[in-house]
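Student: Sharing a structure here in structure tokens format.
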Amino acid sequence: MKRRVLFICIHNSARSQMAEAWLNHLCPEDFEAHSAGLEPGTLNPLVVEAMQEAGIDISKAGTRSVFETWTSRQTFAYAISVCDEASAERCPVFPGVTRRLHWGFPDPSAFEGSHEERLAGVRQVRDAIRQQVERWCEEMCVAARK
């Protein structure tokens, strides 16, 4: 049975979207990933571009509110915040047996410079999120099979 995972960040426009996409891409047989934001915004076009370079199209993904997700009474095995630690403290407690984790990554919306400079920063975050998801999948899938 797939374990449901919710990735949470501030705007659901970058980090949580990338984490959701990577988990669904890398471990689809073990996990069902979703994402939401504390203050949903619009999808960051640089994130769409960087994920497209990696072969994953998130251009049609919409942003969602973590509080709407919470009030819908959906249950998740894991709620993983991918924003800064202070923002992660604002995340609601989900019903059921939800384990909370925190994986902090830089916020792509704060990157400055030219398009190429900002895209380079997004690529670094994209790759760091992928590495974290790969490590976590390996750890969780090995533990589940024991």
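Student: Going through 46, 26 one at a time, which residue ends up being in contact with a Cys (Cβ under 7 Å, 6 or more places away or on another chain) and at pLDDT 90 or above?
Tutor: Answer to the check: 26.
Student: Considering only residues that are surrounded by fewer than 14 Cβ atoms within 10 Å (Cβ to Cβ) and under 14 Å from the mean Cα position of the chain (by Cα), which ones fall in segment 128-139?
Tutor: Correct list: 131 only.
Student: Among the helices (runs of 4 or more DSSP H) contained in segment 36-88, which hold 3 or more residues that are within 19 Å of residue 131 (Cβ to Cβ) and either within 15 Å of the chain's Cα centre (by Cα) or in contact (Cβ under 8 Å) with a residue 60 or more places away in the chain (or both)?
Tutor: Fully inside segment 36-88 and qualifying: 45-53.
Student: A follow-up question, please. Could you pull out the residue among 118, 123, 64 that is of a type in the set (D, E, K, R), surrounded by 15 or more Cβ atoms within 10 Å (Cβ to Cβ), at pLDDT 90 or above and farther than 17 Å from residue 46 by Cβ?
Tutor: 64
Student: (1) part of a loop (DSSP other than H, G, I, E, B); (2) surrounded by fewer than 23 Cβ atoms within 10 Å (Cβ to Cβ): which one isn't true of residue 32, the others all being true?
Tutor: (1)
Student: It is to be established whether one or more residues within segment 14-29 are of a type outside the set (S, T, N, Q), within 15 Å of the chain's Cα centre (by Cα), more than 16 Å from residue 130 (Cα to Cα) and not in a helix (DSSP H, G or I).
Tutor: No; the residues of segment 14-29 include none that is of a type outside the set (S, T, N, Q), within 15 Å of the chain's Cα centre (by Cα), more than 16 Å from residue 130 (Cα to Cα) and not in a helix (DSSP H, G or I).
The values are calculated or read from the model by the stated rules, or taken from the named source; none is laboratory data. Bear in mind that the values here come from a model prediction, so they are computed numbers and not experimental data. A quick note on method: Cβ atoms are made from the backbone with ideal geometry, for glycine too, and the neighbour counts reach across all protein chains shown.
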